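Colleague: I have a structure here, written as structure tokens, and I will follow up with some questions on it.
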């Protein structure tokens with residue numbers, strides 16, 4: 001099976017500018033390709049992992065990846081899929097975020113001996129002369145066509161700024177520079193980048209008279225069409241300081257039955273024949289598929305050792321074993337104790353199990369909180385400090401699948 005067919009059978013490919021040419025490029029040639037990453041946060045999240053996995057697939061097949069960090073484009077902000085303008089970041093924030101991105105990517109992409117290239121588009125965008133840039137690039141874009149692009153539709157309804165309107169031109173210019181400097185022939189990205197990618201393909205054709213290509217892969221969505229990777233605490237980050245390996249593991253251990261096979265195909269390197277065997281499972285047997293999925297993805301992001309710890313912790317709590325040293329835990333601050341007791345509401349909020357005291361009350365009133373094996377039936381419930389001081393602490397269960405250990 002060729003690489004193109006492998007990606008297609010995994011359900012990853014969404015759109016392609018020239019399928020026959022791209023299939024030949026991926027299956028029979030060794031091409032330089034790129035994916036852009038705007039450093040708008042200090043960590044990559046699970047949505048980025050689709051892109052990293054495609055880069056790894058491509059590199060394993062002998063292609064050369066270029067990871068483009070948006071030191072220039074992040075100062076403008078991509079309007080794609082956004083209903084409001086992105087937060088403006090300083091150069092210092094952007095550079096710091098790029099450092100975090102590089103560190104995380106090095107787990108998946110081999111940069112030794114020129115096998116991959118990391119570049120910052122700020123190197124050519126930040127110091128451009130505005131008039132020269134307009135004269136060099138502007139004639140190749142029509143406003144009518146740009147306004148019809150999918151990436152601007154939502155922002156057109158809420159107010160598209162002229163700043164954001166420049167984003168497509170800047171990303172397109174990236175492709176031209178990478179083609180000129182590195183012979184890059186293919187741009188990859190999430191399907192929300194289709195309009196921007198087409199802009200780059202057209203710019204290279206118009207300015208250099210060369211044929212280059214674009215391919216988008218599907219976003220990580222639930223079977224209901226909603227983006228995956230959102231939790232009560234926010235995005236599912238790859239940084240273990242922002243999303244613990246256990247929480248990361250539990251997210252995939254608890255995915256909907258209808259999503260587990262798709263996640264296996266898109267997020268792991270498991271053989272498709274093996275995945276097909278899991279696809280035959282039904283009902284409670286699907287838990288085996290979820291456990292395998294959670295282990296595989298966690299091992300890729302955090303390493304085999306962490307994945308094994310998360311697996312052990314999950315089996316401990318689900319199997320009735322109680323506390324585990326690998327379970328997420330919170331040490332309750334002294335200032336929350338009143339007369340040697342701490343309220344369950346404060347425990348839920350300080351740990352992040354509930355984002356607010358109002359939400360904590362709602363969870364208790366709906367019967368969704370169990371403390372030390374007993375359901376909490378009052379919003380006034382408190383826990384003695386002595387219980388938190390015990391070797392195993394106090395285990396709090398939220399809903400059916402979320403466990404958390406409290407100590408002092």
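Every number here is computed from the coordinates shown, using simple stated rules; none is lab data. All figures in this text were calculated on a predicted structure; none of them were measured in a lab. Positions of Cβ are backbone-derived with ideal geometry, glycine not excepted, and every protein chain shown enters the neighbour counts.
Colleague: Report the full-extension gain for the segment residue 331 to residue 60: residue separation times 0.36 nm, less the Cα-Cα distance, to one decimal in nm.
Modeller: 93.2 nm
Colleague: With contacts defined as alpha carbon pairs under 8 Å and 6 or more residues apart, what's the relative contact order of the chain in percent?
Modeller: 14 percent
Colleague: Rounded to the nearest 0.05, what FRET efficiency do residue 224 and residue 134 give with R0 = 45 Å and r taken as the Cβ-Cβ distance? Could you check?
Modeller: 0.55
Colleague: Quick check: the distance between the Cα centres of region 95-111 and region 187-221, to the nearest angstrom?
Modeller: A separation of 23 Å, based on Cα centres.
Colleague: Which percent, nearest 5, of DSSP beta bridges in the chain are antiparallel?
Modeller: Among the beta bridges of the chain, antiparallel pairing accounts for roughly 50 percent.
Colleague: By how many degrees, between 0 and 90 and to the nearest 10, does the Cα long axis of helix 304-318 differ from the longest principal axis of the chain?
Modeller: Here the helix axis deviates by roughly 40 degrees.
Colleague: Right, here's the next one. Relative contact order (percent) for region 230-318, with alpha-carbon contacts under 8 angstrom and 6 or more residues of separation?
Modeller: In percent, rounded to a whole number, it is 36.
Colleague: Also, I was wondering about something else. Using DSSP, restrict attention to beta bridges with both residues in region 293-408 and report what percent are antiparallel, rounded to the nearest 5.
Modeller: Within region 293-408, antiparallel bridges account for around 80 percent of the total.
Colleague: Just to be sure I understand: with springs between alpha-carbon atoms less than 10 Å apart, which residue in 360, 314, 148 has the highest mean-square fluctuation in the Gaussian network model of the chain?
Modeller: In this elastic network of the chain, the residue with the biggest mean-square fluctuation among 360, 314, 148 is 148.
Colleague: Hey, with R₀ at 25 Å, roughly what FRET efficiency would residue 166 and residue 90 work out to, going by the Cβ-Cβ distance, to 0.05?
Modeller: 0.85
Colleague: Which peptide among 282-295, 55-68 comes first, and what is the full order, when sorted by highest mean count of other Cβ atoms within 10 Å?
Modeller: Ranked by mean Cβ neighbours within 10 Å, highest first: 55-68, 282-295.
Colleague: Let me ask you something else. Quick check: the angle from helix 19-28's long axis to the longest principal axis of the chain, C-alpha only, nearest 10 degrees?
Modeller: Roughly 80 degrees, rounded to the nearest 10.
Colleague: Helix 167-182 against the longest principal axis of the chain: what's the angle in degrees, Cα atoms only, rounded to the nearest 10?
Modeller: 70 degrees
Colleague: For a footprinting-style exposure proxy, rank 87, 242, 357 by other Cβ within 10 Å, fewest first.
Modeller: 87, 357, 242
Colleague: How high is the relative contact order of region 329-407? Use alpha-carbon pairs under 8 Å, at least six apart in sequence, and give a whole percent.
Modeller: 34 percent
Colleague: Would you calculate, for the chain, the mean residue ellipticity at 222 nm contributed by helices, counting each DSSP H stretch of 4 or more residues as -39,500 (n - 2.57) and dividing by all residues, to the nearest 500?
Modeller: Result for the chain, helices only: -13000 deg cm²/dmol.
Colleague: Determine, for 182, 167, the number of other Cβ atoms within 10 Å of each Cβ, and report the residues in order from fewest to most.
Modeller: 182, 167
Colleague: Fewest Cβ neighbours within 10 Å first, please rank 50, 345, 301 accordingly.
Modeller: 50, 345, 301
Colleague: If you stretched the chain out fully between residue 407 and residue 279, how much longer would it get, using 0.36 nm times the residue separation minus the C-alpha to C-alpha distance?
Modeller: Answer, rounded to one decimal: 42.0 nm.
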